[in-house]
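Right, one structure below, let's go through it.
The values are calculated or read from the model by the stated rules, or taken from the named source; none is laboratory data. Here the structure is a predicted model, which is why all the values come from computation and not from measurement. FYI the Cβ positions are ideal-geometry reconstructions off the backbone, even for glycines, and counts take in every protein chain you see.
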Amino acid sequence: MRTTLLSSLLAAPLLAGSLLIAQPHAEAADLSPQYVQRSTRCPVCGMYPYRTPQWTGQIIFNDQSASSFDSPVDMFRFLNNMALFDKQHKATDIGAIYVADYGTKAWADARKAFFVHGSTARGPMNDPNLPAFATREAADAFAKAQGGKVLTFAEVTRDIIKSLNTSSHQH
């Protein structure tokens, strides 16, 4: 009995210590895409992203707030000039970036997505835009059918975004 009691007393602090080690120190922020409300407005142009789900883009910030965009072009405009469009966040506050797959309307990681530049597709304001796709195969098929060149996220430069600025959509 004495050995069992002594063993139990010695084991208790070890067990408690192992439980403390197993506990996560802090929960990671949920950086999943958020539902785009009907009333949400694009911070760049003021349009309603809810109305154009195949074009929607979204940035999730580390504080779990989100900015939703009516098109990939406006999302890139925002990223290229955050200080103009968002006084509360900096680029270092960005936790995740998403775009809707043009074909499926499902969210895709924008940094891994493919964008078609120069296609016949027109964005929400009837201007040239950048249809986004989760896979290279889908983007290639779209470009073959609708024209244009497939680009990665990193290949979408400021100059490309500026070239898509038309008279009806100046920022």
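This table checks each residue for (1) modelled with pLDDT of 95 or more; (2) touching a Lys or Arg at 6+ places or on another chain (Cβ under 6 Å); (3) under 27 Å from Q64 (Cα atoms).
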residue: Y98; (1), (2), (3): yes, no, yes
residue: F114; (1), (2), (3): yes, yes, yes
residue: A134; (1), (2), (3): yes, no, yes
residue: F142; (1), (2), (3): yes, no, no
residue: L151; (1), (2), (3): yes, no, no
residue: S168; (1), (2), (3): no, no, no
residue: H171; (1), (2), (3): no, yes, yes
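Would you point out which residue out of D109, D127, D74 is acidic (D, E) and modelled with pLDDT under 95? It is D127. Hey, does the range 124-135 have a residue that's more than 19 Å from Q146 (Cβ to Cβ) and surrounded by fewer than 21 Cβ atoms within 10 Å (Cβ to Cβ)? There is no residue in the range 124-135 that is more than 19 Å from Q146 (Cβ to Cβ) and surrounded by fewer than 21 Cβ atoms within 10 Å (Cβ to Cβ). Within the range 56-68, restricting attention to residues that are among the hydrophobic types (A, V, I, L, M, F, W, C) and within 16 Å of R111 (Cα to Cα), the residue that is surrounded by the fewest Cβ atoms within 10 Å (Cβ to Cβ) is F61. Remark: pairs (first residue in the range 122-151, within 11 Å of G103 (Cβ to Cβ) and free of Cβ contacts under 8 Å to residues at least 60 places away in the same chain; second residue among the hydrophobic types (A, V, I, L, M, F, W, C) and assigned to a helix (DSSP H, G or I); Cβ separation under 6 Å; 6+ apart in sequence or on different chains) = F133/A139.
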